[in-house]
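As C-alpha cells, the structure follows; a few thoughts come after it.
The values are calculated or read from the model by the stated rules, or taken from the named source; none is laboratory data. Values in this document were obtained by computation on a predicted structure and should not be read as measured data. Because the Cβ atoms are built from the backbone with ideal geometry, glycine has one as well, and the counts that use them run over all protein chains shown. What goes into the accessible areas is simple: the full protein's heavy atoms, side chains included, and nothing from ligands, DNA or RNA. Shrake-Rupley method; radii C 1.70, N 1.55, O 1.52, S 1.80 Å.
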Amino acid sequence: MRILSVVGNRPQFIKSAPLSLALKERGADEVVLHTGQHYDKELSQVFFDELGLEPPQYRLEGGSGSHAEQTARMLPGIEDAILTEAPEWVLVFGDTNSTLAGALAAAKIGPPVAHVEAGLRSFDRTMPEELNRIIVDRLSTRLFCPTDTAVANLAAEGITEGVHQVGDVMLDANLRLAPIARERSQAFSEAGVEAGAYLLLTLHREANVRADALARIAEAIRQLDEPVVFPAHPRTKAALDAAGIELGPHVRVLPPVGYLEFAALASQARLVLTDSGGVQKEAYWYGVPCVTLRENTEWVETVELGWNRLVGSDPERIIAAVHEAAPASEHPHLYGEGHAADSIADLICTIDRE
C-alpha cells in the first residue's frame, strides 16, 4: 500500500514520526511531502534530524504570505506528487494550511483523505485553523480522533462514517522522546536557568502577533517576577521588533529550539505560557501547569481538570493566572495510552478504501 503523507510544520513532524514507523512495520510504502510551510531550518529540518525520519521525497516552497497565498502555492506541487505516486491514501495532520492543501488536492484528484487529529473544535471561526479543521473533516474518508469530545463534535455536524477514536499520536512521540529530552542539560545552560525555577513562553498564533494583542501580552510578561524562557518563533520576533515592544530583562529570548531541547525546557518549567494547542497537551503530560493565551482551546479536558487556564491577552488575567497556578490534585491519563500510531496504521492498512 502506498501512502502520501503531507507535513509542513513542527507539530506535524512530531505526529508523523511514530506513525511513519508504524506504517513501515506493516509494510506500507510511505512517501513524505514537506510543503515548506515552516521554512526556517530550526522549525523544519531539525525535526527530521532529531526524530530520526527519512528525508522527505518531495519538498515544496510553501513559504510566507497570506493563508490563501500559502495554500494556493502548495496545491500544484501536492497534485503533481499525487499524480506521480498514485497513492491509495493521502494522510494529513492537524489544522494548518498544509493540512488543507493536502486534503483539497486529494479531493480534486481522487485518492481518499485520512485526517489525523480530526474532530477538534475551538468554536471560534475567526481562527484560520478552525476553518481548516471543518473543511478537512468534510473532505476526509477516515477521521482519526484523539478524544471522545472530538468524536462527539463530528457527530454533532452529521459526520459519523469512517470516524475512529484512536488517541493522540503526539503522546506516542512524547513517551518515546521525553526521557531522552530531560537529559539535555545544555538547554538550561543556554537559557541561563535552573530546572523548576523559570516560566516557559511560546507565542505564535496570528491573533497574538498583531501589535495590539502582542503589546498586552508583553505588558503582562514585563510584570512577572520570575525568569521567562522564550524560544521565539520567527514571525513573533519580527512582530516584536517591528512594533518596538520590549519584554524585559528577565526574559531570555532564544532562537527556535529543536524538539528535544524544547521538551527538556517544557518538562522542567514551573509553568508554561502558550497559545499552542500541542504545547498545552505536552505541559499536561509533563505535569506542568499551563496558562493559555487564548480565550478557547480544543483540549478542553486539560481545563476541566484544572491543569490549564484560559486567559486571552488580558494582562491582569495573565498575571493572576501565573501567580495562582499550581499542580492540580488529579492527573489521569488523557489522550490514550501511547498506541495511537499503531491503531491508525492498522486501520489504514487493513480497511479497504471506500
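Structure notes:
- The number of residues in the range 309-347 that are on the phi < 0 side of the Ramachandran plot, open to solvent by less than 20 Å² (accessible area, probe 1.4 Å) and modelled with pLDDT under 95 comes to 0.
- Residues of the range 301-349 that turn out to be within 26 Å of E206 (Cβ to Cβ) and touching a helix residue (DSSP H, G or I) at 6+ places or on another chain (Cβ under 6 Å), as a count: 10
- When residues of the range 208-236 are limited to those that are of a type in the set (A, V, I, L, M) and farther than 24 Å from A263 by Cβ, the one surrounded by the most Cβ atoms within 10 Å (Cβ to Cβ): A220
- Of all residues in the range 101-111 being open to solvent by 10 Å² or more (accessible area, probe 1.4 Å) and either without any contact (Cβ under 8 Å) to a residue 12 or more places away in the chain or of a type outside the set (K, R) (or both), the one that is farthest from D342 (Cα to Cα): I109
- Output for the range 147-179, where each listed residue is under 20 Å from D342 (Cβ atoms), among the polar types (S, T, N, Q) and touching a residue at least 60 places away in the same chain (Cβ under 8 Å): T147, N174
- For the criterion of being open to solvent by less than 20 Å² (accessible area, probe 1.4 Å) and not basic (K, R), L154 passes.
- Verdict on F144 being of a type outside the set (S, T, N, Q), crowded, with 16+ Cβ neighbours inside 10 Å, in a helix (DSSP H, G or I) and touching a residue at least 12 places away in the same chain (Cβ under 8 Å): no
- Any chance G258 is surrounded by 20 or more Cβ atoms within 10 Å (Cβ to Cβ), touching a Ser or Thr at 6+ places or on another chain (Cβ under 8 Å) and not aliphatic (A, V, I, L, M): no
- Residue in the range 121-132 that is closer than 18 Å to L19 by Cβ, open to solvent by less than 20 Å² (accessible area, probe 1.4 Å) and either at pLDDT below 95 or in a strand (DSSP E or B) (or both) present: no
- Of all residues in the range 237-246, those satisfying the criterion of being open to solvent by 50 Å² or more (accessible area, probe 1.4 Å) and not in a helix (DSSP H, G or I) are G244, E246.
- Against the numbered list (1) touching a Lys or Arg at 6+ places or on another chain (Cβ under 6 Å); (2) within 21 Å of A114 (Cβ to Cβ); (3) at pLDDT below 95, D172 comes up short only at (1).
- Among the candidates L175, L139, residue that is touching a strand residue (DSSP E or B) at 6+ places or on another chain (Cβ under 6 Å) and open to solvent by 10 Å² or more (accessible area, probe 1.4 Å): L139
- Of G119, G192, all but one fail to be under 16 Å from T99 (Cβ atoms) and either touching a residue at least 60 places away in the same chain (Cβ under 8 Å) or in contact with a Cys (Cβ under 6 Å, 6 or more places away or on another chain) (or both); the exception is G119.
- Set side by side, the residues D95, D80 differ, and just one is within 29 Å of Y286 (Cβ to Cβ), open to solvent by 20 Å² or more (accessible area, probe 1.4 Å) and of a type outside the set (A, V, I, L, M), which is D95.
- The residue that is farthest from A321 (Cα to Cα), counting only those in the range 292-306 that are open to solvent by 20 Å² or more (accessible area, probe 1.4 Å) and of a type in the set (A, V, I, L, M, F, W, C), is V300.
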